[in-house]
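Note sheet for the following structure.
All of the numbers you see were taken from the coordinates with simple rules; none came from a lab. All values reported here derive from a predicted model rather than from experimental measurement. Here Cβ is always computed from backbone atoms with ideal geometry, including for glycine, and neighbour counts include all displayed protein chains.
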Amino acid sequence: MRSAAFIDRDDLLTGGLHSVADARRFWIGVASRDHVNVAVKGAFIQLNHGQRAPLRRLKAGDGVIMYSPRTAYPDGDPLQAFTAIGTVVTGDVYQVEVTPDFRPHRMDVQFVPSKEVHIKPLVEHLSFITGKSHWGAVFRFGLIEVPASDFTLIAERMGAVSPLWTTQVE
């Protein structure tokens with residue numbers, strides 16, 4: 001059975017919520033800011049240089065925040081910021097041809113308006129980062145499942161609002 005979740009024109013989650021509410025999970029994906037900007041414009045995510053395996057863990061209605069260690073891949077300036085936030089639409093993984101030699105896997109995500117937020121002021125408050133002095137190590141695999149409370153904290157700092165990750169909707 002396929003579920004879909006969408007963000008309406010008021011940036012609120014609609015459709016599919018009841019079918020995915022119990023299984024909803026929250027994630028942080030890792031990509032450079034330039035790659036995140038392309039993904040936001042195209043309403044998709046692509047992780048670990050286009051690998052399929054990490055995307056298969058995501059389901060419709062899951063929340064996704066993108067973390068960018070650098071401004072550009074591979075040698076951009078250090079950034080260390082959360083750069084985008086959204087909701088997985090259907091959870092279907094598909095492949096696109098960028099060049100004849102590069103066919104990455106992607107998944108549709110509906111991003112909501114947000115601002116970049118640097119991670120360093122949040123490190124002490126994020127429970128998924130257990131080694132506070134070596135906090136960057138947690139991001140080395142490219143996709144991290146995080147508790148709803150950590151996701152909500154980051155989302156609030158980013159100025160992003162959705163009933164997926166807020167307890168009060170005005």
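Sort Phe102, Phe111 so the one with the fewest other Cβ atoms within 10 Å of its own Cβ comes first.
Phe102, Phe111
Give the whole-number value, in cubic angstrom per residue, of the convex hull volume spanned by the C-alpha atoms of segment 23-158.
Convex hull of Cα atoms, per residue: 104 Å³.
For Val98 paired with Gln80, estimate the spin-label separation in nm (one decimal), with each label point 7 Å from Cα along the Cα-to-Cβ line.
Modelled inter-label distance: 2.6 nm.
In terms of modelled amide H atoms, which long-range or inter-chain residues lie less than 5 Å from the amide H of Phe128?
none
Does a label point 7 Å from the Cα of Lys120, set along Cα-to-beta-carbon, have any residues of segment 62-82 with amide nitrogen under 13 Å, and which are they?
Under cut-off, by backbone N: 78-81.
List the extent of the Cα atoms of segment 94-150 along each of their three principal axes, largest first, rounded to whole Å.
Its Cα atoms span 44, 26, 19 Å along the three principal axes.
Quickly rank 128-138, 25-35 as a protection proxy: mean count of other C-beta atoms within 10 Å, highest first.
Highest-to-lowest ranking by the protection proxy: 25-35, 128-138.
Could you work out the relative contact order of segment 23-158, using alpha carbon pairs under 8 angstrom and six or more residues apart, expressed as a whole percent?
Here the relative contact order equals 29 percent.
Mind giving me the nanometre distance, one decimal, between the label points for Arg140 and Ala43, set 7 Å out from Cα along Cα→Cβ?
Roughly 3.7 nm, to one decimal.
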